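Written out below as structure tokens is the structure these notes cover.
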Ligand code: AHG
Ligand code: MN
Ligand code: MN
């Protein structure tokens, strides 16, 4: 079992923006202060802010500070152009040898996100072949855009040739794809390492219906450990599979609490990559001049309360009653905080969650009368984004239970998701609990 308790160094990229020539003395002092502050923050890894949703009127427990790790300080970080994702992962691997294999996987994610960012940007040029519909419908009955298919292939190829992946599941694949038992396809042999195999789940292009209007889109990725004992016959399909083979493919059906890493890429005014390895959330921004993701926001913390909600409000009349009532109160300013809320909704989960993380607030796609499980998919939308949200100090709930604790039964299972600032989400949890006890 890979420890979720990982060690991370105290980066302080802010130092890079200070000009050495004019501010030499104050620069040294400022770097020392920033490094000390970052090291202090990094030394106290956080736990998800709540332990369970089961208690009626559950309250948020203060998490005890665990200090199992040291956070070394890099003085030289102030002299560099910043901490790249590659360097960050190398440092993580040096401090946590059990996570070494993960650096290869993140190398592939790094490249895939840059490539997808480029595809999305170029898709609006008249010469582009990536616009419009593919003409196929995916297993969930949704039109697949060409970009959905292209980005799925891109991510799949990037990840499978790392040799670190056993099984993957994607929004755009009908079934989980076994990479170990897979026959040599085309001309390319996939070499799978014996150790350190992972399961990856992903939504290659979240919000793809927004692409043609130039609205932000994203990629969501979750990484689980793979069961090393899994042997799958390459010819096994559906009922041909033995029980054990089916169970191995079902390696993808793990609850969010088993995630060892989650990441999203946001293709917007900048390209961002946010990740968690179970010890805080780190956001990198693509510096197009050097083609590298550079750490721009270490240890992101979502504000504890806010006054922004982000829902498709057109569905309000159909929502679960506690959700509807809570949002109506927020609209009027009669909720727990007494603040009058504003509404912000892009319609791309990654974009909406990214803003929620930085500004605070509530993002949700609740259950309603027509769709009791909402719209979002548990495996590659709900769980990885909930892991990131919790690691930034927020909460994520269906209203009745913690999203991270739900074990998926099928790959494309939907789940109600309400996530964001801890106090505001607690208000939602309390409203559901109160309705239940009536
Ligand atoms: P996808 O493009 O991967 O199918 O996901 C779209 C999702 C999600 O990004 C967003 O939060 C939600 O659909 C928006 O749904 P509505 O258009 O119903 O508001
Ligand atoms: Mn999506
Ligand atoms: Mn998608």
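The values are calculated or read from the model by the stated rules, or taken from the named source; none is laboratory data. Predicted model, so just to flag it, every value in this text is computed and none were measured. Virtual Cβ from ideal backbone geometry, glycine too; neighbours counted across all protein chains shown.
Output the number of the condition that residue 325 fails; it satisfies all remaining conditions of (1) buried (at least 19 other Cβ atoms within 10 Å of the Cβ); (2) more than 16 Å from ligand 2 (Cβ to nearest atom); (3) in contact (Cβ under 8 Å) with a residue 24 or more places away in the chain; (4) assigned to a helix (DSSP H, G or I).
Condition (1) is where residue 325 drops out.
Considering only the stretch 382-414, how many residues are over 29 Å from residue 340 (Cα atoms) and within 15 Å of ligand 2 (Cβ to nearest atom)?
Qualifying residue count, the stretch 382-414: 6.
Any idea which of 357, 379 is assigned to a helix (DSSP H, G or I), under 13 Å from the mean Cα position of the chain (by Cα) and within 16 Å of ligand 3 (Cβ to nearest atom)? Write out each step before concluding.
On the way: 357 fails: within 16 Å of ligand 3 (Cβ to nearest atom).
Sole residue among the options that is assigned to a helix (DSSP H, G or I), under 13 Å from the mean Cα position of the chain (by Cα) and within 16 Å of ligand 3 (Cβ to nearest atom): 379.
Somewhere in the stretch 291-305, is a residue more than 16 Å from ligand 1 (Cβ to nearest atom), under 19 Å from residue 217 (Cα atoms) and in the same structural domain as residue 202 (by TED's automatic domain parsing)?
Yes, the stretch 291-305 has at least one match.
Please work out which residue is surrounded by the most Cβ atoms within 10 Å (Cβ to Cβ), limiting yourself to the stretch 360-369 and to residues that are away from ligand 3 (no atom under 16 Å from the Cβ) and within 27 Å of the chain's Cα centre (by Cα).
Our first condition is that a residue be away from ligand 3 (no atom under 16 Å from the Cβ); within the stretch 360-369, this holds for 360-364, 366-369.
Those still in the list that are within 27 Å of the chain's Cα centre (by Cα) too: 360-364, 366-368.
Values: 360: 21, 361: 27, 362: 26, 363: 27, 364: 27, 366: 29, 367: 22, 368: 20.
Among residues in the stretch 360-369 that are away from ligand 3 (no atom under 16 Å from the Cβ) and within 27 Å of the chain's Cα centre (by Cα), the one surrounded by the most Cβ atoms within 10 Å (Cβ to Cβ) is 366.
Among the residues of the stretch 336-347, is any in a loop (DSSP other than H, G, I, E, B), surrounded by 19 or more Cβ atoms within 10 Å (Cβ to Cβ), in the same structural domain as residue 433 (by TED's automatic domain parsing) and within 13 Å of ligand 1 (Cβ to nearest atom)?
The answer is yes, given that some residue of the stretch 336-347 is in a loop (DSSP other than H, G, I, E, B), surrounded by 19 or more Cβ atoms within 10 Å (Cβ to Cβ), in the same structural domain as residue 433 (by TED's automatic domain parsing) and within 13 Å of ligand 1 (Cβ to nearest atom).
Assess whether residue 347 counts as being farther than 14 Å from residue 396 by Cα and in contact with a helix residue (DSSP H, G or I) (Cβ under 7 Å, 6 or more places away or on another chain). If you could, list the steps in order and put the result at the bottom.
Numbers: farther than 14 Å from residue 396 by Cα: yes; in contact with a helix residue (DSSP H, G or I) (Cβ under 7 Å, 6 or more places away or on another chain): yes.
Yes; evaluated as a whole, the condition is true for this residue.
Would the stretch 182-203 turn up any residue that is under 20 Å from residue 134 (Cα atoms), at pLDDT 85 or above, within 16 Å of ligand 3 (Cβ to nearest atom) and in a strand (DSSP E or B)?
For the stretch 182-203, residues under 20 Å from residue 134 (Cα atoms), at pLDDT 85 or above, within 16 Å of ligand 3 (Cβ to nearest atom) and in a strand (DSSP E or B): present.
Kindly indicate the residue of the stretch 250-271 that is touching a strand residue (DSSP E or B) at 6+ places or on another chain (Cβ under 6 Å) and in a helix (DSSP H, G or I) and also modelled with the highest pLDDT among those meeting that condition.
258
So for the stretch 324-338 (the condition being within 27 Å of residue 219 (Cα to Cα) and at pLDDT 95 or above), does at least one residue qualify?
Looking through the stretch 324-338, none of the residues is within 27 Å of residue 219 (Cα to Cα) and at pLDDT 95 or above.
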